[in-house]
Structure formats: C-alpha cells, structure tokens
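The values are calculated or read from the model by the stated rules, or taken from the named source; none is laboratory data. This is a predicted model, so every value here is computed, not measured. Note: ideal-geometry Cβ built from the backbone for every residue, glycine included; neighbour counts use all protein chains shown.
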C-alpha cells in the first residue's frame, strides 16, 4: 500500500482524476449510491402498494383507528366496551400481551434456573428428572402444549354450579379462578406509602450492608431488616388504621360468578404453557453457563470452606451470568413473540384482537400488520437494550 | 471491476424503473383457464357447507357452487383447487389473488362490499344468527341469557351482532373468542361457555358433531340477517358476471324443472325458456366468455338449486334444515333469478 501511494503522488495527471481514485472517496460514493438506491426502492414499494390498493378499491390509510369497534374483549386491563374505538382495542390487546410476557418471563427465568441447576445436581434422580423435563418439553411444539394445557385442563374442571371452593372465599371452575377482590377503603394509601417506604428502606439497608462489608468485612442484618421495614411496618400501619381493606367476594348469580376478580383459564393456560416451554430452553442455557465456569473456581471455593449453596451463589453464578445473559435475551424475545399463539386458545392478546378481529372487520391488512410488526419490533428492541445494559453491568473486569 | 459495477448499477436502475409500473388488469377467467383449475376458497370444515371427508373429497353447499363454476368453465367439476380459509384470512386470500372466488358462508355486508375491494355475486343461502345452549341450563329464549359466557369466532359479523343484540336488550355477556370453529365448539362442549353463536345453519351443522346432539337446543331467536354468498375481487366485471349467472342458472333450472336426471331429455324440449337456459337458442354463454352449453354442464355436475340444497343441508342430508326463505320466489321463499333472455 505504501508503495502504491508513492508512485501515485506524482503530478502527472489533472487533480480531478486522482480525487476519484482515492479509496475513501470511492467508498463514500458507493455507500451514498447504495443508500439512495434503497431509499428509491422503499419509495417505489410504498407508492406501488398504495396505488394497487387504490386500484382494487381496498380502503387504506390510518383513519380506521378512530372508528367504533363494535366488539367486546374477554380480558381488559383498562376500561373497554364495544362503543370505544379500534385504537382503544389496540391498547387492550397490547396490555394483555405485555402482561403475559412480563409474568411469563419472570416465571420462566425462575423455573429455568431451578431446572438448570437441578440437572447438574449430584442427586441422580433429581438430575434425571430435570433432563427428562428438558428433553420432552423442548421437542414438543409450543402450540400443542398450549392446546394441552387449555383443553386437557379445561375438561377436568367442573362447571360454575359445581365449583371447587378455594380457601379464602374463592372458587375454581371451568370459567376461571375466582378470587375475592381487594377493595381499598380510605386510609389504604397510607399503607401503600408505608410499604413503598419500607421497600426503599430495605434497598438502602442492602446497599449500606454491602458498603460496610467492603470497608470492614462485617455485614448488617439485611434479612431481618427487610422483614421489619418492608413487611412488619406496613402491616402495623394497616392494623393501626383499623384494617382499611374490604373484599368483594365472587357470588354465583345466574350463569356465572359476579364480583371478585377472575383469572381466566385462557390466561393461566397461556402463562403456564409459555413459562414451562421457555424454561426448558433457559435451563439448558443456565447449565451451559455453569459448566462454562472454570473448574479451578469451584475448587478454590471448596478450599475456602464455602458450602455448595454459597459456592453457587457467590462464585459460580456471577461468573456464569456473562455466558447466560445473551442467549437469555433471545429466549425472552421468543417468549414475547410466542405469546401471539394465544389466539389459538382464545387469549385476547395483540395478535388476536388487533391482527385478528380488527384486521378482519376493517379489511386493512397492510396497515394492521405493519403496526403489529412495529409493536413486536419495539418490544424486542427495548428488551434487548435493557438486557445489553444489564450484561455490561455484569461484565467482570478481567485483570 | 469498473465494468461490472457499471452493469450492476444500470441493471438496478432498470429494475427499479420497471417495478414502478402498475400491474396490468388481468382477467380472472383467463388466469383460471391458463391454470387449468379453479382456485376456490372454502370453509375449513363445516358439515353441509364445506367439509373434506377422510379421503380428502370435499362436499357441501358452497363446495357444490365451486363445482358448478368449474363445470361451467371446464366441463369438469374436478378441476378445482380447494383452499380452506379461516375467517381471519379469507378476505386477504381473495384480495391477494390466492383464490379466484370465495364461497365460504360469508355474509354480504356494506363494509365488505366497499372497503375490502370485493363484490358479492348473489346470495346462495339466506341465513340468520342464532344461539345454541345445553338443555341442562333450562334456557328457552335468548332473552334469558343475561350474564352468560358466549363462545364466538374472531373477525366475523357474529362477533359484532352479538355485541349489538346484548346491548339492545340491556344484557351483559362475556365473550370467549376463538379463531377456528373446532376450538370454539370444543370449548363450548367442555363448558367454558354457556352459549355458542354463529349462523343458524352452522349451529345445526356443528350440533351433528357433538357427543350428544340431543343435549343441545338451538334457541328460537334469529338476531340478524346473514345473506351468505360467493364473492370475487372488484374490477373484473366479466368474472363477477360469470359467478352471478352460475347462481342464477341454478335457480332458473329449479324454476323450470330441469334436474340432473332429466337435463339430457330437456335438451329436446320445445319450451323456449328451457331452450335458452340450456343453450339451444341464443348465444348467452358466449356473452359471458363461456360455451353456450354452460348451464348444461353446471346441471350435469351438481343439479339445480333445489337438488343442491336438499343433498347438502336439506331433507336429503343429516342436517335436515327447512328451506324456509331459501325456497323459490313462487313457492314462498325469496330465491329469485333474472330471466335468461
């Protein structure tokens, strides 16, 4: 390369020619041309689609979001009825997806860690059971598992008039798990405030304990402190204020139970199905991470006199997290996207409500699918961004 | 290196330029003839209307209409590609060109006629929405369903009519929305919902497949108008005319007494109406792009409307639905076809 430049530098040709022969100029020009070509292609795609839709008299545009929906949804986290707009129905579907995804991720991670560690247990039975769980659940398609959880479990539950009573005033039947709903009375906000203060206090206590340990080697009583601050204090406030909490009990009126709150079988089946399926993958990732920690670390921990549990918690898992977190992110994204299978078991998630009912009633497939794809893309990007930040924080500084 | 990049650049520009041109309007009849088979959108499985048996042979009222159209074009009712569609994908399948005609218990509504880019080619079954409940509930009328849980399919007029009916009658309900009929009926039988709702013909049809059909009753109330008919894409008037007149030929054939058994005899009839129907007089077939004996081929394949109805959903079938509104106009119903002249 150095040879080439020295021969080229001679002032034999006009300055203009040597400008275009410079590699960086060439690269810039190629990149600009490619970007322009992509922009032109995108523009042509959009205008071509719009022209074709117009020619076929298919409605287009996003005005349909403000039209009345006319249909009802079985599970809504916000107030919704059939006189509200399609836009509101979109929010309902989105919240349902987020709900099942968030709780599903938590459950799947906990179960996945447990099963992953169990598979490495020295107890032969535990290890084998975990292995069977992973192999069976991983290899059966998720849709079939969802059908199993929904229909097999549904068929075994009794009708509303023969419900199983649940201790605490609840009922279990084929329509769902009915539980008494807490109805806050005046004064309950003080209890909530006390609870929040207690949680903040325990976090501060934990941080203070860590700092103290770093400086002096002694820890503060974190467990007892947390119990006192986050549990006992709000409880005391609750009792002092005269128990400002009433319960709305579900009662059988006519066809169904009225009152109380209900966990629908669709929600439970989707949650359980997704959590168990994704946990089997997470278990394998956790196992890979733990096996990836060098044997020397475990031997050193043993030599220091740490028990198995302490070794796992303080030495192995923190180092394994570097290996675990990136594939864990993919599993979280998979779970979020797999929640769209809920339409097969009547769970009103985003795909069922928006890309199902609304798409069919308005006929505007292009706009609806674009919005759905945009939502899932945003959810995935947000999740990966958060996990990448978490990964960077967990990254150990190698000496 | 320079020449290769110049060529690729030129090629890309040419590709972009041509892709911007709008698609020419292709005639569906030509596409079907070229393909050698009619691509027909049908139900995923509804007894009496569109259902495959265990050998993969399709039968049903809507399927017979597919056969009639294929017979009119090719003379062979086997030249069909059946594409089962759920309510969610049926319109996109038609809009995108995957199917040529959608004959799938689809209700003719204004929004479907306008904003979906489709045209309906007549009503092959006048229906209405009803409810089916278990006898053990002791419910005798739809007005007693306050607070009930209702299983319904997504993206159908059923979903909307249900909401309207309960609102008008000041009742509340809880919907459980499925994509496929099988899933909805399974959940209904398992007790997840008290009521299943769809077009009344559909209710009789699914009841046949229940474990104990006698344990379920169809409530007497019809809560909506559901004119079911075939639909095609807008913009191809020749294809729309063909599908329309296949339906009218079936009605006219029943009116004139032409059946599958006697169509050959009727070719020698002196009745001028029959002569025009069967192509012995006039060039009506050629006028819509088919042969003049187009109606003969149709009747030989599936019979007339009355035979088609009886065989699939009427007295000659397990559903045994009364013809009701689907009788001919001069026999007390509202099936009426313009004359072939």
> Which of (1) surrounded by fewer than 18 Cβ atoms within 10 Å (Cβ to Cβ); (2) under 30 Å from residue B:301 (Cβ atoms) does residue B:233 not meet, given it meets every other one?
Replying inline: (1)
> Taking the stretch B:272-290, which residues are surrounded by 13 or more Cβ atoms within 10 Å (Cβ to Cβ), part of a loop (DSSP other than H, G, I, E, B) and free of Cβ contacts under 8 Å to residues at least 24 places away in the same chain?
Replying inline: B:278, B:279, B:280, B:281
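In the stretch B:220-234, what residues are within 14 Å of chain A (Cβ to nearest Cβ) and assigned to a loop (DSSP other than H, G, I, E, B)?
B:224, B:234
I'd like to know if the stretch A:70-90 contains one or more residues that are at the interface with chain B (Cβ under 9 Å from one of its Cβ atoms), in a helix (DSSP H, G or I) and farther than 18 Å from residue A:336 by Cα. Outline the logic, then answer.
Applying the first criterion (at the interface with chain B (Cβ under 9 Å from one of its Cβ atoms)) to the stretch A:70-90 yields A:70-74, A:81-83.
Then drop every residue that is not in a helix (DSSP H, G or I), which leaves none.
Checking the stretch A:70-90: not a single residue is at the interface with chain B (Cβ under 9 Å from one of its Cβ atoms), in a helix (DSSP H, G or I) and farther than 18 Å from residue A:336 by Cα.
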>> Cβ-Cβ under 6 Å, sequence separation 6+ or interchain: first residue in the stretch B:201-221 and within 14 Å of residue B:50 (Cα to Cα), partner at pLDDT 90 or above and in a helix (DSSP H, G or I). Which pairs?
In response: B:206/B:185
>> If I filter the stretch B:84-122 down to residues being more than 8 Å from every other protein chain (Cβ to nearest Cβ) and without any contact (Cβ under 8 Å) to a residue 40 or more places away in the chain, which single residue comes out as farthest from residue A:57 (Cα to Cα)?
In response: B:89
> Restricting attention to the stretch B:145-165, which residues are over 23 Å from residue B:112 (Cβ atoms) and either at the interface with chain A (Cβ under 7 Å from one of its Cβ atoms) or surrounded by fewer than 22 Cβ atoms within 10 Å (Cβ to Cβ) (or both)?
Replying inline: B:146, B:147, B:148, B:149
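Could we say that residue A:366 is in a helix (DSSP H, G or I) and closer than 30 Å to residue B:117 by Cα here?
Working: in a helix (DSSP H, G or I): yes; closer than 30 Å to residue B:117 by Cα: yes.
Judged against the criteria, residue A:366 is a match.
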>> Against the conditions (1) surrounded by fewer than 14 Cβ atoms within 10 Å (Cβ to Cβ); (2) closer than 20 Å to residue A:163 by Cβ; (3) touching a helix residue (DSSP H, G or I) at 6+ places or on another chain (Cβ under 9 Å), where does residue A:266 fall short? Just the number, please.
In response: (1)
> Any idea which residue in the stretch B:166-190 is surrounded by the most Cβ atoms within 10 Å (Cβ to Cβ), counting only those that are touching a residue at least 40 places away in the same chain (Cβ under 8 Å) and within 9 Å of chain A (Cβ to nearest Cβ)?
Replying inline: B:179
> Among the helices (runs of 4 or more DSSP H) confined wholly to the stretch A:224-331, which include 3 or more residues that are without any contact (Cβ under 8 Å) to a residue 24 or more places away in the chain and closer than 30 Å to residue B:187 by Cβ?
Replying inline: none
>> Among the listed residues A:137, A:117, identify the single one that is buried (at least 18 other Cβ atoms within 10 Å of the Cβ), under 25 Å from the mean Cα position of the chain (by Cα), more than 19 Å from residue A:342 (Cα to Cα) and assigned by TED's automatic domain parsing to the domain that holds residue A:342.
In response: A:117
> Out of (1) at the interface with another protein chain (Cβ under 8 Å from one of its Cβ atoms); (2) within 24 Å of the chain's Cα centre (by Cα); (3) at pLDDT 90 or above, what's the single condition that is false for residue A:99?
Replying inline: (1)
> Can you name the condition, by its number, that residue A:48 falls short on among (1) within 12 Å of another protein chain (Cβ to nearest Cβ); (2) at pLDDT below 90; (3) touching a helix residue (DSSP H, G or I) at 6+ places or on another chain (Cβ under 8 Å)?
Replying inline: (2)
>> I'd like to check which helices (runs of 4 or more DSSP H) are fully inside the stretch A:105-170 and have at least 3 residues that are within 14 Å of chain B (Cβ to nearest Cβ).
In response: A:142-147, A:153-156
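Checking the condition surrounded by 19 or more Cβ atoms within 10 Å (Cβ to Cβ), within 30 Å of residue B:181 (Cα to Cα) and in the same structural domain as residue A:281 (by TED's automatic domain parsing), which residue from A:370, A:379, A:335 passes? Give the derivation first.
Numbers: A:370 fails: surrounded by 19 or more Cβ atoms within 10 Å (Cβ to Cβ); A:379 fails: within 30 Å of residue B:181 (Cα to Cα).
The conditions single out A:335.
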